[in-house]
Amino acid sequence: MPRFSSKQYQSRVLIAMAIYTAFMLLVWPWVGRTPSLPLKALLALAATLPVLYVIAQMARLIRSSDELERHTHLVALSTATAVVSALTFIGGFLAAAGVVKLDGSTLLLVYPAVVLCYGAVRWRLVRSYGGNSLCEETGIRPYLYLVLFGVALMAVALLYPGRLDDARRGFLYGAAAGMIAFGGVPMARQWYRRKYRHD
């Protein structure tokens, strides 16, 4: 059976995330206006399908990895799970005590938080083993994912300003700017090294 490569994984993830972004931009705004509860539930669950597909592709990538790659994936994933679980546990107690106000939409931040924490921990592990990126094969670098997701979040904030309250709009702008900055700095550094490495 041919090995499932990082390049295949990245291309499938990009397609799934493009579908997810298009759904959130074009379909999701209609969910609140839909009077039918079954249709509303169906649309809400449909939004999760691209993300569930990405999770399945990640599992496939880990399963087809060699021993060292599998080790870095699993350590990063378990660390991210522990960190995000602790944060949600703390947030749950603060919300139950009335210290902070959290609604159901806060749950939408759990998966992105796991992914970001996982990526940071795995990047650090790969560097500690002498690697220089999260994927040694040709393909899209991890910092480009941050830039792409940041641009998608910025598009949502700009296209639907009237449908977002100040807190959500501020969160989207802040998260988008942070992702673009965190992805843009290594992208600029990589470009600089390629342009001037022979000088």
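Between helix 166-196 and the chain there is an angle of about 10 degrees, using the helix long axis and the longest principal axis of the Cα atoms. Taking 7 Å steps out from each Cα toward its Cβ at Leu37 and Ala113 produces label points 3.0 nm apart.
On a 0 to 90 degree scale, rounded to 10, what angle separates helix 37-46 from the longest Cα axis of the chain? Value to nearest ten degrees: 10.
A helix-only calculation puts the chain at -25000 deg cm²/dmol for mean residue ellipticity at 222 nm, using -39500 (n - 2.57) for each DSSP H run of at least four residues, averaged over all residues. In plain terms, the bigger the Kirkwood radius, the slower the diffusion; for the stretch 43-110, with that radius from Cα pairs, at 20 °C and 1.002 mPa s, Stokes-Einstein puts D at 149 µm²/s.
Taking the Cα centre of the stretch 67-140 as the origin, how large is its charge dipole in debye, to the nearest 20, when only Lys and Arg (+1) and Asp and Glu (-1) carry charge on their Cβ atoms? Intermediate values should be presented prior to the final figure.
Values: 5 positive and 5 negative charges, 48 e Å.
My answer is approximately 240 debye.
For the stretch 67-140, the C-alpha radius of gyration sits at 1.39 times the compact-globule guess of 2.2 N^0.38 Å, with N the residue count. Given Cα positions, please report Rg to Rh for the stretch 1-64, the hydrodynamic radius being the Kirkwood one. A ratio of 1.14.
Note on the chain: with charges restricted to the Cβ of Lys and Arg (+1) and Asp and Glu (-1), its dipole about the Cα centre is near 360 debye.
Axis of helix 110-128 versus longest Cα principal axis of the chain: the two differ by about 10°, to the nearest ten degrees.
The value of relative contact order for the chain, using C-alpha pairs under 8 Å at least six residues apart, is 19 percent.
FYI, it's all coordinate maths here, none of it is from the lab. Being a predicted model, the structure only gives us computed values, none of them experimental. Cβ sites come from the backbone with ideal geometry, for glycine too, and all protein chains shown count toward neighbours.
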